[in-house]
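Derivation of every value follows stated rules applied to the coordinates shown; laboratory data play no part. None of the values given here were measured: they were computed from a predicted structure. Virtual Cβ from ideal backbone geometry, glycine too; neighbours counted across all protein chains shown.
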Amino acid sequence: MRPASSTPDRARRLVPVSSQDSAPPVGAGAIVVKLAASRELYSYWNLLRGQRSAPERSEIDPGAIRGVLADTFILDVDSAKRYPLRVAGTRTNALFLRELRGAAFLDLWQAADQAEIATVLAGLTDEATAVLAGASAGPQGLRPLELELLLLPLRHRGNTHSRVLGACTPMSMPSWIGLLPAAPMNLLTFRVLRRAESPPPESASAESDEPAGPVDFGRTPPVDRRGHLFIFTSAPGRR
């Protein structure tokens with residue numbers, strides 16, 4: 001990863017990768033793996049890679065992460081095409097109110113952040129490291145929604161410059177998702193996740209705003225697509 005820029009805006013945004021201290025939530029200057037979907041995907045990726053720097057793309061079993069598929073995506077490592085999305089989950093599509101497959105990942109960010117995101121992705125694949133980011137996005141004129149993004153390198157026939165597995169998880173579920181498109185995301189902060197910084201088991205996260213134990217995160221509430229609309233319905237037994 002490149003060092004922080006000399007400009008105050010960029011200097012505040014970057015988080016030292018060596019920090020092992022507990023950190024406040026996204027938006028407060030530093031981030032931790034906060035949401036259940038991010039924890040589940042990161043733990044699964046860690047399990048698959050073992051002692052390697054990254055697992056193979058062919059090892060990813062969608063059924064093993066079906067609870068978080070709505071928030072996941074896979075990028076092609078192709079800087080010339082601005083890192084196109086090969087796959088995007090239904091909730092990520094709903095956030096931007098369009099099918100994202102084939103769209104350039106960099107175009108989902110504010111113009112001022114695109115060069116920095118490209119640098120993050122290049123460093124992630126060069127060094128085969130995981131990155132956790134905080135971002136915000138929302139329709140014009142409405143309060144931005146905070147998001148947690150996880151970016152994980154994948155190998156393809158041993159090459160780490162091939163795919164990136166990611167998750168884009170909203171901190172809450174506002175009523176406009178599936179009805180109004182979010183504007184491009186604004187990068188708030190990011191950090192490299194070292195192997196020693198694996199997230200704790202969910203049962204150990206007593207102060208998290210997520211419930212302890214298994215969470216059916218990606219399928220609650222269920223999502224249907226009808227034309228250009230993404231419709232969220234209440235799951236049985238939930239309010």
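Using a Förster radius of 25 Å, what is the FRET efficiency between Gln140 and Arg194 based on their Cβ-Cβ separation? Nearest 0.05, please.
0.10
What does the charge count near Ala103 come to, summing +1 for each Lys or Arg and -1 for each Asp or Glu among other residues with Cβ under 12 Å from its Cβ?
It works out to a net charge of +2.
Rounded if a/c is under 1.5, else prolate if a/b beats b/c, else oblate: with a ≥ b ≥ c from the C-alpha gyration tensor eigenvalues square-rooted, which is the stretch 52-97?
Here the stretch 52-97 falls in the oblate category.
Mind listing which trypsin sites (Lys or Arg not before Pro) in the stretch 52-152 are in a DSSP loop and have 14 or fewer other Cβ atoms within 10 Å?
Answer in residue order: Arg52, Arg98, Arg101.
Evaluate the distance, in nm, between pseudo-label points positioned 7 Å from the Cα of Ala122 and of Asp107 along their respective Cα→Cβ axes.
Here the answer is 2.1 nm between the modelled labels.
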